[in-house]
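Worksheet for the structure shown next.
Coordinate-derived values only; no laboratory data. Predicted model only: the values in this text are computed from it and were never measured. Cβ coordinates were reconstructed from backbone atoms using ideal geometry, including for glycine residues, and neighbour counts include every protein chain displayed.
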Amino acid sequence: MSTQSNTARKVQEKMSFNTLLIEEKGNVGIITFNRPNAQNALSNELTQELGIALEQNENNPHIRVTIITGGEKVFAAGADIKEMADKNYPQAYQEDFITRTWEKISQCRKPIIAAVSGYALGGGCEIAMMCDFIIASDSAKFGQPEVTIGTIPGAGGTQRLTRFIGKSKAMEMCLTGRVIDAQEAERSGLVSRVVPQAKFAEEVLNVAQKISTFSQPSVFMIKESVNRAYETTLSEGIRFERRLFQSTFATNDQKEGMAAFVAKRQPNFKDN
Ligand code: DAK
């Protein structure tokens, strides 16, 4: 595709969202929350647009990895409190309050990296945890402060956080609303690593670009297999992993990858 039509496509995509910025860098799609006056609060419009943007990336053969970020200052300060403040229970229950629009991230097959700078609170922390892994800048802060506004985490905060950092710390964070910094998040296993702010965007892009160079069947299988670890017993998970591992020997990319290693050259994966 020509550079001119690429640019036209990007402009068109940018114009179609009110609450997100959309970019493509190589094979990486970058989705940036864009509600600077509301600490990127996750309004219904934003989560709907996020679902659409992710679906576009899933369907776009040029995009192999997505980065979700809030930019340098804040990832997201949670669901939009002003929007939900007056909701009553029958409404919340009948409309299955904001559940559908939040599901998309965990349904994507292509890898999604959360790049967190600044606050990731409440639904912001929950969205980051729905991604495949979190890279934090040294300014990142994570918390589940819902208890301080008379409610509880509603998009996996009590469940994913507990699996990631263990019961004691998750319980303390959810019961007190205590916010942890990037270093504590890394020590606890919530984030894969912490990168200085000055190098943050570049480093996250490098990680995404690296993943984008690998055979897509292998990448999808790894993602499916790691996620299976959260949903099944160890013996079932090991059996699942072994079957996927064996199935890679039916791909040309396994032949190519191993032949390239033996020949001391770079592999040329074709996703088949
Ligand atoms: N919602 C709406 N507006 C928000 C907001 C939020 N979560 N966070 C900040 N803002 C707005 C502020 O009201 C303020 O607006 P104006 O007054 O200028 O109109 C503007 O953003 C700037 O914020 P601050 O003046 O407060 O900025 P500070 O730097 O002083 O403080 C802060 C930054 C992030 C520490 C603070 O804004 C803060 O504590 N925000 C609220 C954090 C919070 O409680 N978050 C949890 C929200 S509950 C579910 C899915 C998700 C959820 C539930 C269910 N389902 C799928 C079922 C999630 C629930 C939540 O996240």
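With r defined as the distance between the Cβ atoms of ALA92 and LEU175 and R0 fixed at 25 Å, what FRET efficiency is calculated, to the nearest 0.05? Rounded to the nearest 0.05, the efficiency is 0.65. Here the relative contact order of the chain, from alpha carbon pairs under 8 Å that lie six or more residues apart, stands at 14 percent. The calculated FRET efficiency for LYS255 paired with ASN60, based on their beta-carbon distance and R0 = 35 Å, is about 0.80.
Among the trypsin sites (Lys or Arg not before Pro) found in the range 205-253, not one is both in a DSSP coil and sparsely packed, with 16 or fewer other Cβ atoms within 10 Å of its Cβ.
Under 20 Å of direct C-alpha separation, and excluding same-chain neighbours fewer than eight residues apart, LYS73 reaches these aspartates and glutamates: GLU23, GLU126, ASP138, ASP181, GLU184, GLU186, GLU202, GLU203.
Each DSSP beta bridge with both residues in the range 75-194 is either parallel or antiparallel, and the antiparallel ones are about 15%.
Shown here is the pair-distance distribution of the chain: with all Cα-Cα distances grouped in 5 Å bins from zero up to the longest one, the shares run 1, 6, 11, 15, 17, 17, 13, 9, 6, 3, 1, 0, 0, 0 percent. Every helix of 4 or more DSSP H residues in the chain counts as -39500 (n - 2.57), and over all residues that averages to -14500 deg cm²/dmol at 222 nm. Considering only beta bridges that DSSP places wholly inside the chain, some 30 percent are antiparallel. Projecting label points 7 angstrom from Cα along Cα→Cβ for PHE133 and LYS264 puts them 2.9 nm apart.
Is the C-alpha gyration tensor of the range 140-256 telling us rounded, prolate or oblate? Criteria: a/c under 1.5 is rounded; beyond that, a/b larger than b/c is prolate, otherwise oblate. Taking the square roots of the gyration eigenvalues as a ≥ b ≥ c, the range 140-256 is oblate.
With the cut-off at 30 Å, tell me which of the pairs LYS223/LYS255; LYS167/LYS199; LYS82/LYS210 have Cα atoms farther apart than that.
Too far apart for the 30 Å limit: LYS167/LYS199; LYS82/LYS210.
Highest mean first, the peptides 58-65, 111-118, 80-87 sorted by other C-beta atoms within 10 Å per residue fall in the order 111-118, 58-65, 80-87.
Under the combined filter of DSSP loop state and at most 12 neighbouring Cβ atoms within 10 Å, the range 100-146 retains these trypsin sites (Lys or Arg not before Pro): ARG109.
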